[in-house]
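Right, one structure below, let's go through it.
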Amino acid sequence: MTSLELGPPTSRARIRRLREKLLGWYDTNHRDLPWRRSRDPYAIWISETMLQQTRVETVIPYYERFLARFPDIESLATADRDDVYEHWAGLGYYSRARNLHNAAQMMVGDFEGRVPEQAEDLKKLPGVGRYTAGAVASIAYGQPEAVVDGNVIRVLTRLLDIRSDVAQKNVVERLWHEAGALALGERPGDFNQALMELGATVCTPRSPRCKPTCPLVRMCHSYAKGDVESLPNKPKNKKPRPVEAVAVWIPRRERILTVQRPETGLLANLWELPGGELPPKAEAKDHVEQIVRERVGLSLLSPTYAGTVEHVFTHLKMQLHLFRTAGAEGRVRNGGHQAHQWIAPDRFDDLPVSTLARKAFELLQ
DNA sequence: GAATCGTGGAA
DNA sequence: TTTCCAAGATT
């Protein structure tokens, strides 16, 4: 890779000018977000974790509920796992909930019950990577640490006209280096947030508001070239792989059977109606009885097809075929799930369940 | 480096 | 309908 492809170097004068413009813009234009009203490192850590790959508008209600229920490290560390998951259900990427819970316990055990101040220590916590460590260290503790997220990648590749594929490791390293140089100085937390805020509200993926809104438009190399929107240069996403599965409604004495998914993998630790994946090209009604027998050890009584719900995950496009039954014979046996529970249908909502499981329940109810 | 891991909003 | 994608971390 040549330096030409990497775009122009960043001079000290240019850095100073950029910092002043961006911080000035941020002071009068930043959004009033719940976590910006707090200086509590714990609250900032929770918000940064929730914001991973998740939109601000989606996070806000979850953040409010979570902080109300678990206001500090101690309350989170001592909470039941299902209680934590109930407050995460629907937000996605559930390993974040498990990691938060474990990290809170690690803070109690290894960090005197506090959120660590150093990025190096923060990264020892499960679920805290390079970005989150830099964000918490700079925003909560004023440390001169950089952040590079999707917003920063977009802003910096455009500003510096970096046209190389941002999936390449050395390109990302260059961006961390640039962001690191920029974060040095006063108010590193505000500056990092300003960079992200610009990406979120002005330097957007499509139809960026360069003129007259962007405070950096006169320093922006891709704008000067007249090609802002094609940056950043990133590889196309793969299409989700089609998958089919079955799930069944099994009543017994005014209750239905629910099972808890395994500790790891897709939708880990969440509850759902029993069922399982279909072999490729298989017909759901030909396999539903066998799948349920293997998974929970029950023989279904007159299963009837009730409908199909579709749900798209990042890498899966799932069709879930649903069946009602008159009940089932046998004793529940563990066939992969962690636990099972016969619950009243009107209490299904109290369990930590995924959006897919909710769709299935809604259709069958 | 590539896959895995959710969800819902926008164009 | 399709596509992209949003304050990433982990394996």
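Inside the stretch A:1-107, counting only helices (runs of 4 or more DSSP H) that do not spill past its ends, which hold 2 or more residues that are in the same structural domain as residue A:123 (by TED's automatic domain parsing) and surrounded by fewer than 19 Cβ atoms within 10 Å (Cβ to Cβ)? Before you say what the answer is, go through the steps one by one.
On the way: elements: A:12-29, A:41-50, A:56-69, A:73-77, A:81-86.
Output list reads A:12-29, A:56-69, A:73-77, A:81-86.
Determine whether the stretch A:270-286 contains at least one residue that is among the charged types (D, E, K, R), without any contact (Cβ under 8 Å) to a residue 40 or more places away in the chain, over 25 Å from residue A:88 (Cβ atoms) and touching a Phe, Trp or Tyr at 6+ places or on another chain (Cβ under 7 Å). It would help to see each step written out before you state the result.
Step one: of the stretch A:270-286, the residues among the charged types (D, E, K, R) are A:272, A:277, A:281, A:283, A:285-286.
Still in the list and also without any contact (Cβ under 8 Å) to a residue 40 or more places away in the chain: A:277, A:281, A:283, A:285-286.
Then drop every residue that is not over 25 Å from residue A:88 (Cβ atoms), which leaves A:281, A:283, A:285-286.
Adding the requirement that they be touching a Phe, Trp or Tyr at 6+ places or on another chain (Cβ under 7 Å) leaves A:285.
Yes, the conditions are met somewhere in the stretch A:270-286.
Yes/no per residue for (1) more than 13 Å from DNA strand B (Cβ to nearest atom); (2) farther than 18 Å from residue A:268 by Cβ; (3) in contact with a Phe, Trp or Tyr (Cβ under 7 Å, 6 or more places away or on another chain):
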{"position": "A:90", "(1), (2), (3)": "no, no, no"}
{"position": "A:94", "(1), (2), (3)": "no, no, yes"}
{"position": "A:107", "(1), (2), (3)": "yes, yes, no"}
{"position": "A:111", "(1), (2), (3)": "yes, yes, no"}
Just one of A:266, A:356 is surrounded by fewer than 18 Cβ atoms within 10 Å (Cβ to Cβ), within 16 Å of DNA strand C (Cβ to nearest atom), closer than 16 Å to residue A:244 by Cβ and at pLDDT 95 or above; which is it?
A:266
Go through A:77, A:97, A:68 for me and flag whichever is out of contact with any helix residue (DSSP H, G or I) (no Cβ under 7 Å at 6 or more places or on another chain) and over 22 Å from residue A:138 (Cβ atoms).
A:68
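The values are calculated or read from the model by the stated rules, or taken from the named source; none is laboratory data. The structure presented is a predicted model; accordingly, all values stated were derived computationally and were not measured. No Cβ is skipped: glycine too gets one built from the backbone with ideal geometry, and neighbour counts run over all protein chains shown.
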